[in-house]
Amino acid sequence: MADEQTIESILVADCGTVNTNLLLLERVADSYRFVAQAEALTTVGPPWNDVSEGVVHALRDLERITGRKFHSGGRVVIPREGLMGVDAFVVILSAPEPLRVLLAGLVPEMSLESARRAAAAVYASIEAVLCREGGLRSPEETWARTVRDLAPDVVLLVGGVDGGASRPVMELADAIALGASMLDAERRPRLVYAGNAKLRPMVTKLLGEIVTVDVVDNVRPTVDVERLAPTQQLLEQIYVERQLYKLPGVDTLSAWSRLPLLPTATAFGRVVEYLWHREGRQDRGVLGIDVGAASITIAACLQGDLALSVHSQKGSVYGALSWVEEHGLEALQQWLPEEADADQISAVLYNRAFKPWTVPQQLLELWVEQAVVREMLRGAVRAALPTWNGNSADAMPNFDPILISGGSLVHMPRPGQVLLTLLDGLEPTGISTVMLDANRVAPALGAVAGIKPLAAASALDAGTLASLGTVISPVGKARPGETILQMRIVYEDSSALSVEARYGELEIWPLLPGQRATLELKPNRRFDIGLGGPGRGGKVQVVGGLVGLVVDARGRPLVLPEDPESRRHRLQRWVWDVGG
Amino acid sequence: MILPFSIVNPLTRIEVLRQLPQPGKVLVRENDLIESFQLVGEYTPPPQFAIINASRELAIPPKKIARYLDVAVGDTVEEGAVLASRGGVGGRSCRAPFSGTVTGSGRGRLLLEAPSRPVQLSALLPGTVARVLPGEGAIIQAFGAFIQGVWGNGKEVFGVLRVAARNARQSLRAKKLDASLQGAIIVGGAGLDEEALAQAVEVQVGGIIVGGVSPQLMPRLLTVPFPVVVIDGIGKVSMSEVVFKLLRSLEGREAALSGQMPDLRRPAWSRLGNVERPYLAVPMPAQSAASIDRNAPLTLGSRVRALRQPYMGMSGVVVEIPRGLALLETGARRPCVKVQFESETVLVPHANLELLL
């Protein structure tokens, strides 16, 4: 890599589970801009079994588009010389298999819940939970068998406040030791101990000869204190060592890059954090949502603290079949604006899982795919809510802006569909600008920030993200059709429009991308629009977008009509409202 | 442009990875000629084990349990044998839940283990051992026809290929299945229904290949004792003409049918390693054939298959690669190519095509 001062062109490879996206960032005059993009299928699986092949496929396309040469002699050329090469090559990945984690602990609502939250910050799948549940007579045997049969990557053992319970934790440690000892040495899990600090020497002594033991701070040192960061950092480190660098072909990318490889979710989180600091508003958070085929990442930055939750195996393609097994098809059916039977819906889900890179050609298939995104997003948001700083589980904080990324959202045919899916899946509250990461630059910029922060900030400020518009989501209850918000839109040319939003409706008014307006808002006394409580209005400056100015007056929580016919009619109208 | 592909080829070099589910012993050597039924390797699953809490069973504190034990570490015991006992009034004993060896004791408990039986893996495809993966398995190479499918029920078989459908659009009918098809791999055209499946079980067919199946039938297909392989997709899907014609030309030949596939609930990364896709491999006496070029680009004249409705399963030839984007019914604008199917010529998004190699 060239010296940081001399970095003028940066190539970012974002290797997802389905697609590999290449982005070329270059210095143009005084700022950095994305100048070209190319995409190819990720080649982690058969018949290639080499992630670098997909990067080479995309490089060929990028070379064709730009007329330049980036790949020569079997490597990415660094540094740039004329039309050859780049100054830095950055790689981010979400393609590796998530860390298979087994949780072991005492109280499901306490230490185990904290352990679950710690694991949720990285690409991890919780394979099982070992916990003494009432009535199980010989849990040691079951626990040991679970460890042996699942052979997870990591066992995260928690339990007991510092100086608290000892025996039940050691019983778990005993069973883990037995289960692990029955595995061949190379299949044994790594043990992360984040429980009662007093037991560290005993746990290390018992398990140290069988598995690698890492000791970190207790996730619950006291009943009312949760300390997740040390465990999260260690799990991320293990993920990077054990999964990311083990991906077939990743050694080739690593040799080309010579920079540390980064998990995509971490890079995405960095951008959300940067946006919060850029906005500089203590009273509002910034939310990033990245919906991919294999996982959903939700990054919430509130009061400067980033909460990252990665929902591995719960993406819109690979998570869909298990999700339907658990929740049934009816939950998807309720989001379809046209009638479809179970066979039709299942067929779409299966065929998409076989060929996740394909796109719907028929409307029904499009609606099914969007229904999946809605439901998967709702699940991910529900799981992430408790991790948001100081937030009670049932209250959605006010986020502004909301950043949307990930192929499953941004590849929808029309911007209105993206926005509607987001509103249905997230149910935001208050006033939010919604930014669309149409070219999937956000995680790339998070990675670039690691080597050239100025370039990342400059590219973000240069309008890399497209605005979908500003959404006002009043919270309160009223009768359908009742006026809940009066609004005067004063455009930059001083022209004005006075409008009203009625309960149950989705209202859209024109406000083009880049166009600014001042809103004078007067909510009904029972409705809160995030300006200080129910009935509190005021003046706010807003900016337009691809959809416009939206008032989502459908209420929180959003309730769909029960009658299928009228529900479909309502859904059709909402789709129509946002532009089809 | 690089497109994903499926192999539908009458004569190619076939390489099939036979991998043990767990590390084990490989029983073949490189360049061995091997028959379908011959073993490639075997592994021993983890032993059966039980933790017997003698202290709790006898109500004796762990520190005092030693003198009540009737067995020591290393002893072999039969099922039901007394492991620990205490006499006197209200005497108690604890017994071995299965035959095995006592492999550990401590804190008032005994660990009993019994070795599992080895599990063996056969070659399935007759051919030559091209490469041995020590402890893992082997790659078997043969020359012949190879057809990849999209879904399978996890079973596999080697048998004679029989075509039981008149054309690619016709589903498999129960009345076509009689005792003469016992052990045979049946080519069933577009799909099959519950009645045909029941008849197939009744006459003990060797396996079934179809274009598509109803999602509702899939749980039932997982329970049948023979492999079922779906070639084109789930739902109402005809079998690709090109596949059906090839299968018909292979009727009467012996073939290996594998319904093994990755778990669709675990994403692409689980497609690493041993399990690729379901397939039918028909070995031929040929001694050489071209390998598949996995990086073959899409060009005019490429053979392709459509992967999404309304054309799913249809195969054809690329006749034009227009520049720019075309508008789809969904409102999306996508780069498309013009494909000549058997009955019509239409624009199909690149993303919804795969090459047939």
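All of the numbers you see were taken from the coordinates with simple rules; none came from a lab. What you see is a predicted model; the values in this text were computed from it and never measured. Neighbour counts are summed over all protein chains in view; Cβ atoms, including those assigned to glycine, are modelled from backbone coordinates with ideal geometry.
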**Message:** Among B:Leu17, B:Leu328, B:Leu39, which one shows the highest mean-square fluctuation when chain B is modelled as a Gaussian network with alpha-carbon springs under 10 Å?
**Reply:** B:Leu328
**Message:** Using only the Cα atoms of the stretch A:425-580, what semi-axes does the equivalent ellipsoid have when each is the square root of 5 times a gyration tensor eigenvalue? Give whole Å, largest first.
**Reply:** 30, 20, 15
**Message:** Name the residue from A:Val540, A:Val122, A:Val578 whose Cα lies farthest towards the positive end of the charge dipole of chain A, charges +1 on Cβ of Lys and Arg and -1 on Cβ of Asp and Glu.
**Reply:** A:Val540
**Request:** Report the GluC sites (Glu not before Pro) located in the stretch A:297-353 that are in a DSSP loop and have at most 11 other Cβ atoms inside 10 Å of their Cβ, or state none.
**Result:** A:Glu338, A:Glu339
**Prompt:** From the cross-link list A:Lys477/A:Lys539; B:Lys176/B:Lys236; A:Lys314/B:Lys245; A:Lys69/A:Lys452; A:Lys198/A:Lys246, which pairs have alpha carbons spaced over 30 Å apart?
**Reply:** A:Lys314/B:Lys245; A:Lys198/A:Lys246
**Message:** Using Stokes-Einstein with the Kirkwood hydrodynamic radius over Cα pairs, what translational diffusion coefficient do you get for chain B at 20 °C and a viscosity of 1.002 mPa s, in µm²/s rounded to a whole number?
**Reply:** 90
**Request:** At a Cα cut-off below 26 Å, give the lysines reachable from B:Lys64, other chains included and same-chain residues fewer than 8 away excluded.
**Result:** A:Lys205
**Request:** Among B:Ala200, B:Ala72, B:Ala281, determine the one that fluctuates most according to a GNM of chain B built with springs between C-alpha atoms less than 10 Å apart.
**Result:** B:Ala72
**Complete:** Taking trypsin sites (Lys or Arg not before Pro) in a DSSP loop with at most 13 other Cβ atoms within 10 angstrom as exposed, one finds the longest site-free stretch of chain A at A:282-476
**Prompt:** Long-range amide H contacts for B:Val40: which residues qualify at under 5 Å (H placed 1.01 Å from N, peptide plane, sequence gap of 5 or more or a different chain)?
**Reply:** B:Leu121, B:Ser122, B:Ala123
**Item:** Inter-probe distance in nm under a simple model that places probes 7 Å from Cα toward Cβ, at B:Arg56 and A:Gln282
**Value:** 5.4
**Karplus (6.51, -1.76, 1.60) ³J(HN,Hα), θ = phi - 60°, over the stretch B:146-160, in Hz, Gly and Pro reported as x** = 9, 10, 9, x, 10, 9, x, 9, x, 8, 8, 7, 10, x, 8
**Asked** Among B:Pro62, B:Gly74, B:Thr101, whose Cα sits farthest toward the positive end of the charge dipole of the stretch B:48-114 (+1 at Cβ of Lys/Arg, -1 at Cβ of Asp/Glu, about the Cα centre)?
**Response** B:Pro62
**Request:** Counting only C-alpha contacts under 8 Å and six or more residues apart, can you give the relative contact order of chain A as a whole percent?
**Result:** 11
**Message:** Just to confirm a number: summing +1 for Lys and Arg and -1 for Asp and Glu over residues other than A:Gly504 whose beta-carbon lies under 9 angstrom from that of A:Gly504, what do you get?
**Reply:** +2
**Prompt:** Once Lys and Arg get +1 and Asp and Glu get -1 on their Cβ, which of B:Gly159, B:Val319, B:Asn53 lies farthest toward the positive end of the dipole of chain B?
**Reply:** B:Asn53
**Asked** Tell me, what HN-Hα J-couplings in whole Hz come from the Karplus equation 6.51 cos²θ - 1.76 cosθ + 1.60 at θ = phi - 60° for each residue of the stretch B:210-223, using x for Gly and Pro?
**Response** 9, x, x, 9, 6, x, 5, 7, 4, x, 5, 5, 5, 9
**Item:** Cα-derived Rg to Rh of chain A, Kirkwood definition
**Value:** 0.99
**Asked** So what J values fall out for the stretch A:444-455 if you push phi through Karplus, 6.51 cos²θ - 1.76 cosθ + 1.60 with θ = phi - 60°, rounded to Hz, Gly and Pro as x?
**Response** 4, 5, x, 6, 4, 4, x, 10, 8, x, 4, 5
**Long-range Cα-Cα pairs in the stretch B:48-114 (distance over 19 Å), rounded percent** = 21
**Item:** Coil-residue trypsin sites (Lys or Arg not before Pro) of the stretch B:308-339, DSSP, other Cβ within 10 Å capped at 12
**Value:** B:Arg323
**Message:** About the Cα centre, and with charges only on the beta carbon of Lys, Arg (+1) and Asp, Glu (-1), how big is the dipole of the protein assembly as shown? Nearest 20 debye, please.
**Reply:** 600
**Residue-averaged 222 nm ellipticity for chain A, from DSSP H runs of 4+ at -39500 (n - 2.57), nearest 500** = -10000 deg cm²/dmol
**Request:** Determine, at each q value in 0.17 (inverse angstroms), the log₁₀ of I(q)/I(0) that the Debye formula gives when each Cα of the stretch A:260-415 is one equal point scatterer.
**Result:** -0.97
**Prompt:** Label points 7 Å out from Cα along the Cβ direction at B:Asp293 and B:Thr44: separation in nm?
**Reply:** 5.0
**Message:** In whole Å, what are the extents of the stretch B:202-261 along the principal axes defined by its C-alpha atoms, from largest to smallest?
**Reply:** 31, 25, 23
**Message:** Can you list residues from other chains, or at least 5 along the same chain, whose modelled amide H is less than 5 Å from the amide H of B:Val228?
**Reply:** B:Asn153, B:Gly154, B:Lys155, B:Ile208
**Prompt:** Going by how many other Cβ atoms sit within 10 Å of their own, how do A:Tyr193, A:Tyr350, B:Tyr43, A:Tyr318 line up, fewest first?
**Reply:** B:Tyr43, A:Tyr350, A:Tyr193, A:Tyr318
**Asked** Relative contact order for the stretch B:303-356: what is it in percent, counting Cα pairs under 8 Å that are at least 6 residues apart?
**Response** 37
**Message:** Using the Cα atoms of the stretch B:303-356, I'd like the radius of gyration and the largest Cα-Cα distance, Dmax, both in angstrom.
**Reply:** 10.2, 28
**Fill in**
Between A:Ala128 and residues 5 or more places away or on another chain, the pairs with built amide H atoms under 5 Å apart involve A:Leu103
